[in-house]
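Peer 1: Have a look at the structure that comes next, please.
Throughout, read-outs are computed from the coordinates displayed, never taken from laboratory work. Quick caveat, the model's predicted, so the values are computed rather than measured. A quick note on method: Cβ atoms are made from the backbone with ideal geometry, for glycine too, and the neighbour counts reach across all protein chains shown.
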Amino acid sequence: MKHLWSPWRMDYILGKKQKGCFFCKIQKEEEDRKNLILRRKKRAFVVMNRFPYSNGHLMIVPKRHCLDLGRLDDREFKELSCLLKVSVQVLKASLHPAGFNIGINIGKAGGAGEEHIHFHIVPRWVGDTNFMPILGETKTIPEYLDETYQKLHAVFRDLSRKGKGRRGGREK
């Protein structure tokens, strides 16, 4: 039997289980740093994954609760796509990854933990698959979430000020 020690997950495992959609809940709160929300737009937002596959793992989420890609209207899809593009720029500028995995998990069978559609952006580096995943079946995350949040938030803010974030800033 293999054992994987991940004590940081106890808060998630033992914590009070909320009712309703996590993404709908955090977007209504005005605690972006606590909720790891990096950018808000009129129809979508960017949030860091609290349980990342790698450093800088982001999710792009429509504000409207939606279960299916085909039910997004054209304005929502365009804004999600723009945020996806800007998020890749931010990750390149701040964390300097060598590549990305970008995908959408739709439905429980598709791996979606939340029944609210969202895009994943997972930064990747040459050699980031070291002996830990191979021998220990364990992925290491080299930086605290708060430190990564500060780096990414600063670049999102700077892009917004320069106008490169497509009417960036915090829109509602």
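Peer 1: With a point put 7 Å past each Cα toward its Cβ, work out how far Lys85 is from Glu115 in nm, to one decimal.
Peer 2: If labels sit at Lys85 and Glu115, their model points lie 3.4 nm apart.
Peer 1: Taking 8 Å as the Cα distance limit and 6 or more residues as the minimum spacing, I'd like the relative contact order of the range 24-162 as a percentage. Working shown, then result.
Peer 2: Numbers: 199 pairs, mean separation 37.5, N = 139.
Relative contact order comes out at 27 percent.
Peer 1: Ranked by Cβ crowding within 10 angstrom, fewest neighbours first, how are Ile60, Ile121 ordered? Could the numbers behind the result be given before it?
Peer 2: Numbers: Ile60 26, Ile121 22.
Final ranking by Cβ density, sparse to dense: Ile121, Ile60.
Peer 1: Separate question: Could you list Glu79, Glu30 in order of exposure, starting from the residue whose Cβ has the fewest other Cβ atoms within 10 Å?
Peer 2: Sorted ascending by nearby Cβ count, the order is Glu30, Glu79.
Peer 1: Taking the Cα centre of the range 24-162 as origin, sum charge times position over the Cβ atoms of Lys and Arg (+1) and Asp and Glu (-1), and report the length of that vector in debye to the nearest 20.
Peer 2: 560 debye
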